[in-house]
Amino acid sequence: MSRGDLLGGLAFLLAAAVGPLLPAWLVSLATIAFANALVVLGLIILWRAGLVPFGQALFYATGAYCVALLARYAGVRDVFLMIIAGAVSAGVIAWIIGFLLARYRDIFFAMLSLAMSMILYGVLVKTEALGSTDGFHVEAGTFLGYRPNGEMLDLALFWLVLATCAIAALLVSIYLRTLAGALATPVRDNEIRVEYLGVSVNRLIHIKLVISGILAGIGGALAALVVEHVDPSMAYWTTSGGFVFVTILAGSGSVAGAFVASLVFELVRSIAVNLLPGTWQLILGSVLLLTILFVPEGLSSVWQRFRRQEKAL
């Protein structure tokens, strides 16, 4: 386990410890921010290989709707079973469409992933059994048979999301240090040379797609449990665009960047909506522009620069 993994674990423990001291609105905002950060974490894995999908909302919505359908039609209430089901359902879909997507690169990859997401959006809008345009309510889950209420439910979900994120961050960090994870940059720079080494680039990308799909499915499942509602907008292209926005803000340099950027994004959006309800997108656009101009490698590069300066001293 690296020093970064230990620091990340301490950061999650600290966040869990101060949770009861934070105002309810901040706990709710942080909970959804960290749930969405799992989607960004999957995008970082793909981005390192030079792939930027604009349809990650497909897996996000799959995980969310899986939770909602299990609660509504199967009577499943245990949050752990719901999260596992969301991860598996999204992973299976990622594995199936991965046979197609793994063959394409650049704008073709981005547009195909977007098309897949919009197909799901169309199905959700037109299907009454799935709630159509209004979606439907998600019943509050139980924790091994125990069902907290009120503020305790908010805190329980906050701790659940933090624990899930900590485990996911550790596993992704370990994956990025493996051969398959380390080959992402060579694939981005010159995949023909990687093929000459005897590695199937398509298979490598297929694996990355499945991993990113599972992470997005878990994020969607957690979001459904937190918001207690699902609707077709979770599969819409603007949702995918929001995840790409946060990925640019985070950068691909570190795992921690996904969580920091997602929290910053939700804070900025919340403040912008309160200050300028009609033009809050202007503030978000300005933040993205400033990030590209002054921190082109994302917020994670700030920590890396600090570490390089520390080593130089």
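Computed from the coordinates by the stated procedures, all read-outs in this text should not be read as laboratory data. Given the structure is predicted, the values throughout are model-derived calculations rather than measurements. All Cβ positions, glycine included, derive from the backbone under ideal geometry; neighbour counts span all protein chains shown.
Quick notes
- 20 °C / 1.002 mPa s Stokes-Einstein diffusion coefficient of the range 179-221, Kirkwood radius on C-alpha pairs, µm²/s: 192
- Computed over Cα pairs, the Kirkwood radius of the range 1-131 leads via Stokes-Einstein (1.306 mPa s, 10 °C) to a diffusion coefficient of 93 µm² per second.
- Largest mean-square fluctuation among LEU21, LEU114, LEU204, in a Gaussian network model of the chain whose springs join Cα atoms under 10 Å apart, belongs to LEU21.
- Paramagnetic reach from ILE192 (point 7 Å along Cα→Cβ, amide N under 17 Å) across the range 84-123: 105-106
- Check: the chain dipole with +1 on Lys, Arg Cβ and -1 on Asp, Glu Cβ, in debye: 840
- Computed from point charges on the beta carbon alone (+1 for Lys and Arg, -1 for Asp and Glu), the dipole magnitude for the range 1-156 about its Cα centre is near 400 Debye.
- Solvent-free Debye scattering, log10 I(q)/I(0), computed from the Cα coordinates of the chain at q = 0.11, 0.14, 0.15, 0.16 Å⁻¹: -0.67, -1.11, -1.28, -1.44
- Environment charge of VAL40, counting only residues whose C-beta is closer than 14 Å and scoring Lys/Arg +1, Asp/Glu -1: 0
- Here the sum of -39500 (n - 2.57) over DSSP H runs of 4 or more residues, divided by the residues of the chain, equals -25000 deg cm²/dmol at 222 nm, to the nearest 500.
- For the range 80-176, trypsin sites (Lys or Arg not before Pro) are listed when DSSP marks them as loop and at most 15 other Cβ atoms sit within 10 Å of their Cβ; the list is ARG103.
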